[in-house]
1. Evaluate region 186-196: report whether one residue or more is outside any helix (DSSP H, G or I), crowded, with 17+ Cβ neighbours inside 10 Å and at pLDDT below 85.
2. Under 7 Å by Cβ, and 6 or more places apart or on different chains, what pairs join a residue from region 25-39 that is over 20 Å from residue 134 (Cα atoms) with one that is in a helix (DSSP H, G or I)?
3. So which residues in region 163-184 are over 17 Å from residue 53 (Cα atoms) and crowded, with 19+ Cβ neighbours inside 10 Å, if there are any at all?
4. Go through the residues of region 49-57 one by one and say whether even a single one is under 22 Å from residue 189 (Cα atoms), modelled with pLDDT of 95 or more and in a loop (DSSP other than H, G, I, E, B).
5. What pairs come up if the first residue lies in region 161-180 and is on the phi > 0 side of the Ramachandran plot, the second is modelled with pLDDT under 95, and their beta carbons are under 7 Å apart, counting only those six or more places apart or on different chains?
6. How many residues does region 7-34 contain that are in a helix (DSSP H, G or I), modelled with pLDDT of 95 or more and closer than 20 Å to residue 172 by Cβ?
7. Given the criteria touching a residue at least 60 places away in the same chain (Cβ under 8 Å) and at negative phi, does residue 184 qualify?
8. Among the candidates 90, 110, 70, 94, single out the residue that is within 15 Å of residue 48 (Cα to Cα) and loosely packed, with under 13 Cβ neighbours inside 10 Å.
């Protein structure tokens, strides 16, 4: 996979997307989603960035991040991915064998059906409780590496206007509908939709007054 360019432009937010290794649907359970949310919250505090929106999908996450200090978007995503991966691997070391052992499914099991679109089909064609074996590395990048949770790079798009911000937020919040995971965006638990449209509700507080 080619290295994607990153643009750290002061005063602009970032629409960042990163995917799981092999597009595996890791984030189908509450425990895995909570690990990711906790890491986002921790590094938001540490690196002092504003979180404007997010959605955790089965095999990827979209984040709208507005850096406040001289911490580049690469560093922010690197830390979130590195330490969430560490905690996910620790959880998988417990050898869970059922969805319930991982906090239960985020969506009803009947929603886990194949879709004609290639992206969704590749994600759900072999749905099962994820294991350490799923993330084994064939060609380690570093000495001693045995598993890889995330793909190496991430997609980064600079938000240069309110119109573009609203466009990306709308895209994120409709993503669960596009994947046929829910029928209403407010029914998807791991999204910032409710922060905007449900009296500030949601799992993770976000900062709306960025521009």
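The values are calculated or read from the model by the stated rules, or taken from the named source; none is laboratory data. What you see is a predicted model; the values in this text were computed from it and never measured. Glycine gets a Cβ as well: all are built from the backbone with ideal geometry, and neighbour counts include every protein chain shown.
1. no
2. 39/80; 39/83; 39/84
3. 179, 181
4. Looking through region 49-57, at least one residue is under 22 Å from residue 189 (Cα atoms), modelled with pLDDT of 95 or more and in a loop (DSSP other than H, G, I, E, B).
5. So the pair list comes out as 180/111; 180/115.
6. Residues flagged as in a helix (DSSP H, G or I), modelled with pLDDT of 95 or more and closer than 20 Å to residue 172 by Cβ within region 7-34 amount to 7.
7. No: the conditions fail for residue 184.
8. On inspection, the qualifying residue turns out to be 70.
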